[in-house]
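Okay, so here's the structure we're looking at.
The values are calculated or read from the model by the stated rules, or taken from the named source; none is laboratory data. Since the structure is predicted, the reported quantities are computational estimates derived from the model, not experimental observations. Note: ideal-geometry Cβ built from the backbone for every residue, glycine included; neighbour counts use all protein chains shown.
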Amino acid sequence: MIKLENVSKVYPDGTEAVNSVNLEIKEGELCVLLGPSGCGKTTTMKMINRLIPITEGKIYIDGTDNQELDENELRRDIGYAIQEIGLFPHMTVAENIATVPKLKGWSKSEARNRADELLELMGMDPSEHLDKYPVELSGGQRQRVGVARSLGANPPIMLMDEPFGAIDPITRDNLQDEFLKIQEEIQKTIVFVTHDINEAIKMGTKIALLKVGELVQYSSPAELLARPKNQFVRDFVGTDRTLKSMRLMRAKDAMKPSPKTVRLDSEVSVIQKKMKENEVDYLIVTDGSNRFRGWIRAQDLEGDVGSVDEVLSKDVGSVSRETALSDALSVMLEEDVANIPVLGKDNKLEGILTFNDLQEVIGETYTEEGGGRQVGS
Ligand SMILES: Nc1ncnc2c1ncn2[C@@H]1O[C@H](COP(=O)(O)OP(=O)(O)OP(=O)(O)O)[C@@H](O)[C@H]1O
Ligand SMILES: [Mg+2]
């Protein structure tokens, strides 16, 4: 969708802002440009829609060299939320959001409806805010209007430069969540600039980490945390990589699908046999529709057992596929168990997550840290 090939930028005063960057962003991905202030994030982004001319290299949009595309067309077709918010002060919120739709020839009422819809999406009451001027809004509200405006004409590509930078941490967190939900539906191809590692990990499909104009590492957030390429990445990512990994990774990333189970209506002897065969002293019990019903332990089957249902441990923790591993660990510690079922809708069994699975994830980040567990020792 977007491809940067050996892209460099030298400003007229000789500043080398971007140095031979190669980057490929696939359709529907959210690529975060991350790095310290002055590393060239904004410059890189602005070369995509030609707000800044390229010094060397090529940028392709959907396979076409962006130098061959009409400049105005390019800016209309790529949504753009800029770092300094950049609302037109003499226009109302509604007029600001409708700028590009109007340029694209939408009718007045279509544009107004779109503005209404987008403001609602950004968590602002349209009836209260649509007719206000930017000076009548708080900084955070202005920024949200800026994001709404960039979504205006429903462009397939969006460039967002620190879109939530001016917003307080709590509202920011909510907006990030909201935006991720929206993105799941609209599947835009997004280039998203931030200098906040936590925001990058949360938002990114991929993270491009820049250091004074050079691309240092381009990988998924999990990969960046687990396998930082060098000391700069390690320093930038921070010392709590393990915790960040665990907050980032979901139960579905570490669980084992299709665990060994027994049916609720099984004979005790059958269950005991299955435990022996599998060399375990516990099994998950499900019903005929593969719904989780509880755990059965070998010790519960000793002596005179009437039915499996009577001796089942039912009141145990569970997680869903989307539960963060850090939360899954909390459940294990609270319930004092080393295994938890991963359940879907109607308690359908989807997998099992064990403490060993978590240790493996932690181990992977630890080995990289030097002081932690070493492979093979
Ligand atoms: N118009 C310009 N003329 C000369 N140098 C510039 C110009 N714009 C930016 N620079 C320089 O280019 C480098 C990259 O700037 P850029 O704005 O791309 O950084 P950034 O990563 O977006 O930083 P920030 O996080 O502070 O927004 C910096 O050293 C900056 O001073
Ligand atoms: Mg910038």
Query raised in the report: I97 versus (1) in contact with a Lys or Arg (Cβ under 9 Å, 6 or more places away or on another chain); (2) closer than 30 Å to Y11 by Cβ: which is the lone unmet condition?
Result: (2)
Query raised in the report: Within the set of pairs 6 or more residues apart or between chains, which connect a residue that is touching a residue at least 12 places away in the same chain (Cβ under 8 Å) inside region 15-28 to a residue that is among the aliphatic types (A, V, I, L, M) and within 11 Å of ligand 1 (Cβ to nearest atom) with Cβ atoms less than 6 Å apart?
Result: E16/V10
Report summary line: Subset of region 1-34, residues among the basic types (K, R) and within 8 Å of ligand 1 (Cβ to nearest atom), comes to K9
Query - helices (runs of 4 or more DSSP H) within region 230-305 that include 2 or more residues within 35 Å of the chain's Cα centre (by Cα) - result: 231-237, 241-248, 251-254
Report summary line: Exactly one of F164, F192 is in contact with a Phe, Trp or Tyr (Cβ under 9 Å, 6 or more places away or on another chain), of a type in the set (F, W, Y) and crowded, with 18+ Cβ neighbours inside 10 Å, and that one is F164
Query raised in the report: Looking at L358, L353, which is the one that is in a strand (DSSP E or B) and crowded, with 18+ Cβ neighbours inside 10 Å?
Result: L353
Requested in this report: Keeping to region 35-88, report how many residues are in a helix (DSSP H, G or I), within 15 Å of ligand 1 (Cβ to nearest atom) and more than 23 Å from V145 (Cβ to Cβ).
Outcome: 3
Query raised in the report: What tally of residues in region 297-334 results from selecting those that are in contact with a Gly (Cβ under 6 Å, 6 or more places away or on another chain) and farther than 19 Å from R250 by Cα?
Result: 3
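One line per residue, one yes/no per condition, for (1) under 21 Å from I190 (Cα atoms); (2) of a type in the set (S, T, Y); (3) surrounded by 15 or more Cβ atoms within 10 Å (Cβ to Cβ):
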position: K58; (1), (2), (3): yes, no, no
position: P89; (1), (2), (3): no, no, no
position: A98; (1), (2), (3): yes, no, yes
position: P101; (1), (2), (3): yes, no, yes
position: M122; (1), (2), (3): yes, no, yes
position: Y133; (1), (2), (3): no, yes, yes
Report task. Looking only at region 171-188, decide whether some residue is among the hydroxyl-bearing types (S, T, Y) and touching a strand residue (DSSP E or B) at 6+ places or on another chain (Cβ under 9 Å). Result -> no
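Which of the residues belonging to region 130-164 are in a strand (DSSP E or B) and either closer than 16 Å to F88 by Cβ or away from ligand 1 (no atom under 16 Å from the Cβ) (or both)? Give the derivation first.
Within region 130-164, the subset in a strand (DSSP E or B) is 157-161.
Once the filter is applied, which keeps residues that are in a strand (DSSP E or B) and either closer than 16 Å to F88 by Cβ or away from ligand 1 (no atom under 16 Å from the Cβ) (or both), region 130-164 yields I157, M158.
Taking the condition surrounded by 11 or more Cβ atoms within 10 Å (Cβ to Cβ) and among the hydroxyl-bearing types (S, T, Y), does S289 pass? Before the answer, list the steps.
Values: surrounded by 11 or more Cβ atoms within 10 Å (Cβ to Cβ): no; among the hydroxyl-bearing types (S, T, Y): yes.
Judged against the criteria, S289 is not a match.
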Report task. Identify the residue in region 234-262 that is in contact with a helix residue (DSSP H, G or I) (Cβ under 9 Å, 6 or more places away or on another chain) and of a type in the set (K, R) and, among all such residues, is nearest to V308 (Cα to Cα). Result -> K260
Requested in this report: Identify, from the list E223, E178, E199, the residue that is away from ligand 1 (no atom under 16 Å from the Cβ), among the charged types (D, E, K, R) and modelled with pLDDT of 85 or more.
Outcome: E223
Query raised in the report: Restricting region 18-45 to residues that are of a type in the set (S, T, Y) and within 20 Å of R75 (Cα to Cα), which is nearest to ligand 2 (Cβ to nearest atom)?
Result: T42
**Report entry** Pair list, Cβ under 6 Å, 6 or more apart: region 100-119 residue outside any helix (DSSP H, G or I), other residue of a type in the set (A, V, I, L, M)
**Finding:** K104/A153
Query - Those residues of region 12-34 which are assigned to a loop (DSSP other than H, G, I, E, B) and either surrounded by fewer than 16 Cβ atoms within 10 Å (Cβ to Cβ) or not assigned by TED's automatic domain parsing to the domain that holds D77 (or both), in sequence order - result: P12, D13, G14, T15, K26, E27, G28
Report summary line: Conditions (1) away from ligand 2 (no atom under 16 Å from the Cβ); (2) at pLDDT below 90 -> I59 fails only (2)
**Report entry** Pair list, Cβ under 6 Å, 6 or more apart: region 42-64 residue under 15 Å from C31 (Cβ atoms) and of a type in the set (A, V, I, L, M, F, W, C), other residue more than 16 Å from ligand 2 (Cβ to nearest atom) and in a loop (DSSP other than H, G, I, E, B)
**Finding:** M47/I54
